[in-house]
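The values are calculated or read from the model by the stated rules, or taken from the named source; none is laboratory data. None of the values given here were measured: they were computed from a predicted structure. Heads up, the Cβs are rebuilt from the backbone with ideal geometry, glycines too, and the neighbour counts pull from every protein chain shown.
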Amino acid sequence: MEKERQMGKTIKRLLALAIAMVMVLGMTTMTALAADSSHSITIKNTNTSISIDGKTYNAYKLFDSTHSGTAYAYYLSTNSQFYSADLVAATAPTEDSLAKVLRTYFDFTVLSGDTSKVSVTPKGTFDATAARAFADAIQPYLKNLHPDKTGTASGETCTINLDVDEAGQGYYIVTGDAAPKDPNNTETVESAVIVTNEDPSPVINPKASIPTLDKKITGVTDDGEVLDAKGKAAVAKIGSTVSYELDSIVPDLTGYKDYTFTFGDKITAGLDYVANSFKLKVGSGTAATVTPTIAADGKSFTYTIPYNTLKTYTKGDAIVLTYDCTVNSSALTTDYENNTADLEYSNNPYDNTTNKTPEKETYVIDLNLDVEKIDGTDSRKKLDGAEFKLYREVTTTTPADPEPQETSSTSKEYYKWDNNKVTWTTEANADVFTTNAQGKLTQQVRGLDAGNYFLVETKAPTGYNLLKDPVAVVITATPDKTDGVTKVTYSATYGGENATMTNGQVDLTSQTQASGKQPVATGVIQNNSGTELPSTGGMGTTIFYVVGALLVLAAAIILISRRRAQR
C-alpha cells in the first residue's frame, strides 16, 4: 500500500508538472500570437523632391472591418468620434459638416439587434480616385478630432505603432506634412492617405502636390568663361551664347484624369532665344527637339508636357528642358540680364485648379575695369586728367605653305564701346578713358570677360611724368568649392613701377539686380611728378658782363699810356 501511495504521489507530481508545462507553452503561444497580431503603419518617402524628416504623422481609425478572402464588411462604432446621428437620419446632414462628407461617399445602416455600431457600404464604385477624393474632402475636419496614434519620421521613414487590442481589421486615415527640399520654397505639402489595414504592416507613400523646379546656366560659348559654381550667374559679352537648363520630375498622377505641367520662362532685353535650341529629355530617354510657344515680343515662352505623355513615364523620372540664348547689343548697359522661370502644375485631381512654383532666377553680368590714379609720394592726392587706352594682343598664324614652316605675329587690338557692345579697332579709333578729380575713370571699361588686357597711359596728369610701360590686367576666375560660389579674382602687374588692384574678389551670386552695380576691378596706379631743373642762383651771367667791361676798360688805359710814352 505504501508503494501504491508513493506511486500515486509521483503520478500527481508528474501531472502537475505536465499541466504547468502546458500552461507555459500556452502562454508562450499566446504571446507569440499577440506578437504576430501586432500592427503598424509605415510612411515611407521615396520622392527626392520632398522630405518628411522630423514630421509628425497621425493615424485615425475610421471603420472597423472584417473579411473573408476578398469579401470585406465595414462597421462604424457609435462611440467613435466619426459617428453622429446625422449619418443614419432620414434628413440630409448639415452642409459643410463631417457627416455630409461621410454620407457623400458611404451609406450607413443601423444593425438590428446591435445598437453599438452601424454598417458601412461604399456608394457606387469606390476606386483609388474616389478614395483620394474622400481623403481630400475629410482632411479639413480632422483638425477638430484626436488621432488614435501618432509617429514622428526619422529620416524619410515614419512608423506608427498600433496597439494590439485596437489594431484589428480597419480602415485608417493617415495625415501629415512633407516639405519641399528647395530652400527657396517655404510652402508645406499636405498629404492625406487612406489605407486598408488588412495587411498588418502596410506601407504608404506621401503624395507631394508641388513639383519642384530648378534653373541654371550650364555654359557660355567663350574662351575663359566665368560661371558661378551653382549655375546662377555667368559673365558673358555681346555675341556670346548662354546655355540654360530647367529641371523637374514626373509628378504623382494618382487620381488625375488630366494634369497641367507647363514651363514658363522670361528673359530681359539683352537676351534672345536661339531658334531650334529647345530640347526635352525625360528619364533615361534621348533628348528630343521641341517647339515652345514664344510670345510675340520674343521675351518669354511656355512649353506644356501633355498629360498623355506624362502618364507614360514613371513618377519621379527626371525632366530636363534645355535651350540657348544669345547676348545681344542691348545687353549689360546698366543692369544684369535676368532670366526667370516657373512651373505651372495641377494641385487637385478633381478640378482644374493650378498653382505655380516660385520663380527661379539666373543672370548674366559683365566685368568692369576702373583705376584709382594717385600721387606716387602721397596716396591721399588723387590725380585727374590722366588718359588711357585699352588693348589686347592677338596672335595670327600664317600657314606653312609655301614657307618652310608656319609663322606667327602679334598685333594689338584696341578697345572701343560701339552701339552698346565691345568692339576692337585700331589705336587711332580707340576709346580714351580719362580720370576725374577723384582719380577714377569718368567712364569705366565695360564688358570685359576673362583674359589678358593692357592699359596704356597716353597722357599724364599735368605736372607728372608719363608712365613708361602699360599696366597689364589679367582677369581670371577661380571656383571656390567650399561654399559652391565662384569668386572672380582680378590681378594686375605693372612694368617695374608700383600698381596694385583693389576689390580683387567679386562673389557673383552676391550681386543682385537691385544693387544696379556691376562687379568692378579697380587698379591703383601711381604717377610721379617731373623734377624742376635747378636754378643757378646769385647774379648769374651778369658778373661776366661786368668783368668783361672792366677788362676792356683796362686794355684801353694800357693802350693810351703806351702811346703817350712813345710820344
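Tabulated values for the structure
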| quantity | calculated |
| --- | --- |
| Test: residue in segment 495-506 that is at pLDDT 70 or above, in a strand (DSSP E or B) and not basic (Lys, Arg) | no |
| Residues that are farther than 14 Å from Tyr415 by Cα and assigned to a loop (DSSP other than H, G, I, E, B), drawn from segment 447-469 | Ala450, Ala460, Pro461, Thr462, Gly463, Asn465, Leu466, Leu467, Lys468, Asp469 |
| Strands (runs of 3 or more DSSP E) contained entirely in segment 103-152, each with at least 1 residues that are over 25 Å from Asp163 (Cβ atoms) | 106-110, 117-122 |
| Qualifying residue in segment 284-296 (condition: out of contact with any Leu (no Cβ under 8 Å at 6 or more places or on another chain), in contact (Cβ under 8 Å) with a residue 40 or more places away in the chain and closer than 29 Å to Glu337 by Cα) | no |
| Residue in segment 89-99 that is of a type in the set (D, E, K, R), within 27 Å of Asp127 (Cβ to Cβ) and surrounded by 11 or more Cβ atoms within 10 Å (Cβ to Cβ) present | no |
| Failed criterion for Thr66 (all others in (1) touching a strand residue (DSSP E or B) at 6+ places or on another chain (Cβ under 6 Å); (2) surrounded by fewer than 15 Cβ atoms within 10 Å (Cβ to Cβ); (3) modelled with pLDDT of 90 or more hold) | (3) |
| From Val118, Val193, residue being modelled with pLDDT of 85 or more and hydrophobic (A, V, I, L, M, F, W, C) | Val118 |
| Residue count, segment 414-430 (criterion: assigned to a strand (DSSP E or B) and either under 12 Å from Arg392 (Cα atoms) or among the aromatic types (Phe, Trp, Tyr) (or both)) | 7 |
| Selected residue [crowded, with 16+ Cβ neighbours inside 10 Å, of a type in the set (A, V, I, L, M), in contact (Cβ under 8 Å) with a residue 40 or more places away in the chain and over 13 Å from Tyr171 (Cβ atoms)] from Ala153, Ala128, Ala59, Ala135 | Ala153 |
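This table checks each residue for (1) of a type in the set (Ser, Thr, Tyr); (2) within 40 Å of the chain's Cα centre (by Cα); (3) closer than 19 Å to Gly376 by Cβ.
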residue	(1), (2), (3)
Asn419	no, yes, no
Trp424	no, yes, no
Ala428	no, no, no
Gln444	no, yes, no
Leu448	no, yes, no
Gly451	no, yes, no
Glu457	no, no, yes
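Listed here are the residues, each with its yes/no results for (1) outside the structural domain of Asn339 (by TED's automatic domain parsing); (2) modelled with pLDDT under 80.
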position: Thr188; (1), (2): yes, yes
position: Ser209; (1), (2): yes, yes
position: Lys232; (1), (2): no, yes
position: Tyr259; (1), (2): no, no
